[in-house]
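In what follows, a structure is listed as structure tokens, so that the remarks can point back to it.
The values are calculated or read from the model by the stated rules, or taken from the named source; none is laboratory data. The structure displayed is predicted, hence computed values, not measured ones. Note: ideal-geometry Cβ built from the backbone for every residue, glycine included; neighbour counts use all protein chains shown.
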Ligand code: 5GP
């Protein structure tokens, strides 16, 4: 039944402040937490109020948290705020897919500690970026600095090969018919059209990088996470946001977003960038492992490399289904 979790560790997918919760039997006994906090569930004896500790506190204090079932029910009844995740077309390209009208209330996800063993294939690294983050550039730079360790998945395209290009290096060059067949057979994680040619990245392309024991970096529209979040890929998701200054007037003292193009952005541009980051955070923030604020490409690259190096050494929380 949905009302219990079988494991002992869960990650919260919403913020909870017992001080604002009218339903709690005792506000003082409540355990406040934020989205992304890992909680150890101590007791699920009560179907409505579980007892849990925050792992980051060193497990000092147990308190009451709404049970999964109760949180889902109250969100469904509109009594609580929660993030509504609209299910987008799973195999959709980067374009907007219609909301199927099937809301999912984000409550908790069961997690487990995971450390990659040397015998395992490296985790997939997914970069998602809000407007102005220029994640492709960042990805290329990280790879160029260490091509033995990192690689991109080679995309497919229907456009003609240029004389300097090699099959399987820049792209897999395929016919429109072959591309369409692959698309129909769900071979692509994402695909889209550009200047009347088709482009897409296949699942196989990622596998072939990982089979060579390299870390595969992909930059994707966040919708692709729904396809990529599997035990096979164990994606580590980095959300890259440009640092956005408050407003144009104060910008002389601040650094411009995206890297060094002073004076290029209007207030409207900056507002759009802010909204883009907020939207991704709202819809996909719960799937993000690491937020990287990008001042400029060079420093973001240094920071990203440090994150990637830790990925191979340290223990992370992942959905329990990935390690079962
Ligand atoms: P080009 O033909 O100049 O190599 O690439 C043109 C454009 O195709 C790129 O700027 C990018 O927008 C798009 N593109 C390249 N690879 C992919 C891919 O794997 N998926 C999608 N959706 N678009 C791609």
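Tabulated values for the structure
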quantity: Residue within segment 121-144 that is surrounded by fewer than 20 Cβ atoms within 10 Å (Cβ to Cβ), in contact with a strand residue (DSSP E or B) (Cβ under 7 Å, 6 or more places away or on another chain) and either under 30 Å from residue 67 (Cα atoms) or assigned by TED's automatic domain parsing to the domain that holds residue 197 (or both) present; calculated: no
quantity: Pick from segment 181-191, criterion in contact (Cβ under 8 Å) with a residue 12 or more places away in the chain and away from the ligand (no atom under 12 Å from the Cβ), ranking: surrounded by the fewest Cβ atoms within 10 Å (Cβ to Cβ); calculated: 186
quantity: Filter pass, residue 194 being more than 25 Å from residue 307 (Cα to Cα), modelled with pLDDT of 95 or more and within 12 Å of the ligand (Cβ to nearest atom); calculated: no
quantity: Residue count for segment 13-50, restricted to those that are part of a strand (DSSP E or B) and in contact with a helix residue (DSSP H, G or I) (Cβ under 9 Å, 6 or more places away or on another chain); calculated: 7
quantity: Tally, over segment 60-78, of residues that are loosely packed, with under 12 Cβ neighbours inside 10 Å and either in contact (Cβ under 8 Å) with a residue 12 or more places away in the chain or over 14 Å from residue 31 (Cα atoms) (or both); calculated: 3
quantity: Residue 199 vs. criteria near the ligand (Cβ under 8 Å from one of its atoms) and out of contact with any strand residue (DSSP E or B) (no Cβ under 8 Å at 6 or more places or on another chain); calculated: no
quantity: Within segment 162-173, considering residues that are over 30 Å from the mean Cα position of the chain (by Cα) and assigned to a loop (DSSP other than H, G, I, E, B), the one nearest to residue 207 (Cα to Cα); calculated: 166
quantity: Residue list for segment 162-180, filter: under 23 Å from residue 211 (Cβ atoms) and within 11 Å of the ligand (Cβ to nearest atom); calculated: 170, 171, 172, 173
quantity: Test result for residue 96, at pLDDT 90 or above and not in a helix (DSSP H, G or I); calculated: no
quantity: Number of positions in segment 140-161 that are within 15 Å of the ligand (Cβ to nearest atom), in contact with a helix residue (DSSP H, G or I) (Cβ under 9 Å, 6 or more places away or on another chain) and within 12 Å of residue 216 (Cα to Cα); calculated: 4
quantity: Flag if residue 208 is within 12 Å of the ligand (Cβ to nearest atom), surrounded by fewer than 22 Cβ atoms within 10 Å (Cβ to Cβ) and farther than 15 Å from residue 285 by Cα; calculated: no
quantity: Those residues of segment 51-68 which are in contact with a strand residue (DSSP E or B) (Cβ under 9 Å, 6 or more places away or on another chain) and over 16 Å from residue 15 (Cα atoms), in sequence order; calculated: 51, 59, 60, 61, 62
quantity: Verdict on residue 137 being more than 16 Å from the ligand (Cβ to nearest atom) and at pLDDT below 95; calculated: no
